[in-house]
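Inspection log for the structure reproduced underneath, given as structure tokens.
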Amino acid sequence: MRPIKITVLQENITFPDFDFAAGEMLLINKPYQWTSFDVVGKIRNSLKPHKLKVGHAGTLDPLATGLLIICTGKLTKQIDTFQAQEKEYTGTLVLGATTPSYDMETEVDSTFDITQITEAQIYAATEQFTGDISQYPPAHSAVKVNGERLYVKARLGEEVELKKRFVTVSEFEITRIALPEVDFRIVCSKGTYIRSLVSDFGKALSNGAYLSKLTRTRSGDFLLSNAFELKDFIAYLRTKREETKANTETQP
């Protein structure tokens with residue numbers, strides 16, 4: 001097996017010679033409101049005319065940002081291995097309200113009084129969501145039911161039967177309380193829906209909650225601090241393509 005080369009692109013550092021066909025792992029900071037597929041498509045299109053496989057190891061919701069592992073060429077065969085690794089997230093939840101999507105994709109549909117909620121209750125509630133827990137995926141999610149994405153059915157107003165899944169949350173830390181906002185850090189297994197956890201957290205306080213901000217900071221041993229901005233990488237690919245074209249045209 002070819003050794004995996006983790007490429008970290010930083011300002012004022014010379015770009016390495018990529019071998020996208022043989023396989024590269026790229027750590028990307030996914031932009032806000034981009035889907036994970038949007039990022040894959042942008043990179044794939046920027047690698048044309050080469051017809052290369054490009055894939056990501058773990059979906060991030062459009063309203064989330066943070067670490068997205070992108071694999072190219074033969075390294076796409078190892079995507080399942082990377083995707084199975086433990087994840088770390090930081091984010092913000094809003095107490096006192098709910099939305100159908102459990103985040104800011106949809107409008108608030110219910111509000112609750114939070115004046116009686118104490119900081120001690122908030123800290124204590126995290127204990128219910130640490131360890132092996134069960135949860136239902138959000139109706140507005142990319143989970144497939146009978147071959148169709150749940151969010152498609154949800155947007156059409158169709159009823160869907162959600163199946164419970166079991167996940168592991170090894171750490172759930174409250175990092176700031178400024179009601180109605182609560183900041184948190186979570187370390188969890190593959191397949192954990194932070195939106196669902198936030199919704200259930202609100203219910204545990206006999207209240208409501210939705211996710212207002214989420215960032216993936218780690219996937220396995222790979223850190224967001226070592227990732228680079230998509231626009232910088234795309235600009236690099238464009239420059240390399242233009243240089244290659246210019247060199248080809250000047251050859252006798």
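The values are calculated or read from the model by the stated rules, or taken from the named source; none is laboratory data. All of these numbers come straight from a predicted model, not from anything done at the bench. FYI the Cβ positions are ideal-geometry reconstructions off the backbone, even for glycines, and counts take in every protein chain you see.
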- Message: Go through region 53-92 and report how many residues are aromatic (Phe, Trp, Tyr) and closer than 10 Å to Arg216 by Cα.
- Response: 1
- So, of the residues in region 31-51 that are free of Cβ contacts under 8 Å to residues at least 60 places away in the same chain and surrounded by 17 or more Cβ atoms within 10 Å (Cβ to Cβ), which turns out to be farthest from the chain's Cα centre (by Cα)? Arg44
- Matching residues in region 104-136 - criterion: being in a strand (DSSP E or B) and either in contact with a His (Cβ under 8 Å, 6 or more places away or on another chain) or small (Gly, Ala, Ser) (or both): Ser110, Gly131, Ser134
- Scanning region 76-85 residue by residue, the ones that are crowded, with 17+ Cβ neighbours inside 10 Å and under 20 Å from Leu224 (Cβ atoms) total 3
- Message: Please determine whether any residue of region 51-62 is within 30 Å of Lys163 (Cβ to Cβ), outside the structural domain of Arg176 (by TED's automatic domain parsing), part of a loop (DSSP other than H, G, I, E, B) and of a type in the set (Gly, Ala, Ser).
- Response: yes
- Reported set for region 52-83 where residues are among the hydroxyl-bearing types (Ser, Thr, Tyr), over 19 Å from Asp232 (Cα atoms) and in contact (Cβ under 8 Å) with a residue 40 or more places away in the chain is Thr59, Thr76
- Item | Extreme residue, farthest from Asp132 (Cα to Cα), among residues of region 152-173 that are surrounded by 15 or more Cβ atoms within 10 Å (Cβ to Cβ) and at pLDDT 95 or above | Phe172
- (1) in the same structural domain as Pro180 (by TED's automatic domain parsing); (2) buried (at least 19 other Cβ atoms within 10 Å of the Cβ): which one isn't true of Thr92, the others all being true? (2)
- Query: Do we find a residue being surrounded by 21 or more Cβ atoms within 10 Å (Cβ to Cβ), under 14 Å from the mean Cα position of the chain (by Cα) and closer than 10 Å to Lys87 by Cβ anywhere in region 174-189?
  - Reply: yes
- Task: Considering (1) among the small types (Gly, Ala, Ser); (2) assigned to a loop (DSSP other than H, G, I, E, B); (3) farther than 30 Å from Ala204 by Cβ, say which one Ser101 fails and leave the rest.
- Result: (3)
